[in-house]
1. 7 Å from Cα along Cα→Cβ at both His190 and Tyr163: what's the point-to-point distance in nm?
2. Which value, in debye to the nearest 20, gives the size of the charge dipole of the chain about its Cα centre, when Lys and Arg are +1 and Asp and Glu are -1 at the Cβ?
3. Let me know the volume per residue of the alpha-carbon convex hull for the stretch 208-272, in Å³.
4. What is the extension gain from Val287 to Thr104, computed as 0.36 nm multiplied by their sequence separation minus the C-alpha to C-alpha distance, in nm to one decimal?
5. Kindly rank 198-204, 75-81 from highest to lowest mean number of other beta carbons found within 10 Å of each residue.
6. Using just the alpha carbons, could you tell me how many Å³ per residue the convex hull of the stretch 132-288 encloses?
7. Taking the convex hull of the Cα atoms, report for the chain its projected area averaged over all directions, in nm².
8. With an 8 Å cut-off on Cα pairs and a minimum separation of 6 or more residues, tell me the relative contact order of the stretch 5-117 in percent.
Amino acid sequence: MPGETCVIVNPASGGGATGSRATETRAALLESGLMQIYETTAAGEEATLAAHAMQRGARTIIAVGGDGTCSRIAGAILESRTDCRLAVLPSGTGNDFAKTLGVTGFSPRQVLDLIPTGACARIDVGRADGRYFINSCGFGFDASVLEATSRVQWLKGDAVYIYSALRMLFGYRGLEVTTVASGSSTVKQHLLMITVSNGRFLGGAFMIAPGATVGDGLLDVCRVHDMTVRRRLQLFARAMRGTHSELAGVSLAQESSLTLRFDSPPLMEVDGELRRAGSSEVTIECVPRALSVVAAPGAIAV
């Protein structure tokens, strides 16, 4: 394992939670003989560090951080077109991808023990507006909630997203979206949100795509029509249990690709991070079995 495994730490993840665990993490890594330990010093630096590590022969990269950290490292691995594996030590705000890998709550020692013994699986990824995503991308309410979380400094973890979502339930107005899905006609709708998922979870606490699997070659699309505040509260509660599709105005579908058209370039959430799309038309597609990951035994069907 030494020399072939490296660690990339984002100390700013989870509102600084990763930095507070740095001593424990570093001690476990050094004890294992892992000397290639990199820490980001600027936003978005994970991809550069991952590319450097792979050039030095890394075959497994452990991401220490949240979904954004995992996503940027995964993107670098995919761009390199190597067989480098991604492992995760969750320490972010939502940690949705860590749930998919079955490593929520794992200690540094437990994650390190998975490298030689855990299940290695090739999973699908998505690509939206030219960027890869490993968990989800979303538009409308989802993206607006994420924008609101940046202003909440006094809460940590899942509570940040839950609090922001509750506040946005009362004021968000929805958006016009035209959907062109693979094998279906063009449909224009006024939606509260549309989320395209590879994994099942969103925002740490919500099971937005309860039937999603990361190896079926399909993305799970959740469309929610605009609704009253009372119905939005019902949606909020049901989404935490994964039963929101039982509500009128909520639909779940699976697509290999789709194109979304908006009145102007929309805000979009990509793996827990906010960005502005490059144009008013966003194409989203599934890239089957593109990424090799290390997961807890039984977490992913291989």
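Readers should treat all values here as calculations from the given coordinates under stated rules, not as data from a laboratory. Predicted model, so just to flag it, every value in this text is computed and none were measured. FYI the Cβ positions are ideal-geometry reconstructions off the backbone, even for glycines, and counts take in every protein chain you see.
1. Placing both labels 7 Å beyond Cα along the Cβ direction yields 3.2 nm.
2. Details: 28 positive and 28 negative charges, 97 e Å.
Value, rounded to 20: 460 debye.
3. On the way: hull volume 8.0 nm³, N = 65.
Expressed per residue, the convex hull around the Cα atoms of the stretch 208-272 is 123 Å³.
4. Values: separation 183, 0.36 × 183 = 65.88 nm, distance 2.51 nm.
Contour length minus Cα-Cα distance gives 63.4 nm.
5. Working: 198-204: 25.0, 75-81: 17.7.
Result, highest mean first: 198-204, 75-81.
6. Hull volume normalised by residue count: 107 Å³.
7. Numbers: hull surface 58.0 nm².
Mean orientational projected area (the chain, Cα hull): 14.5 nm².
8. Details: 183 pairs, mean separation 33.8, N = 113.
So the answer I get is 30 percent.
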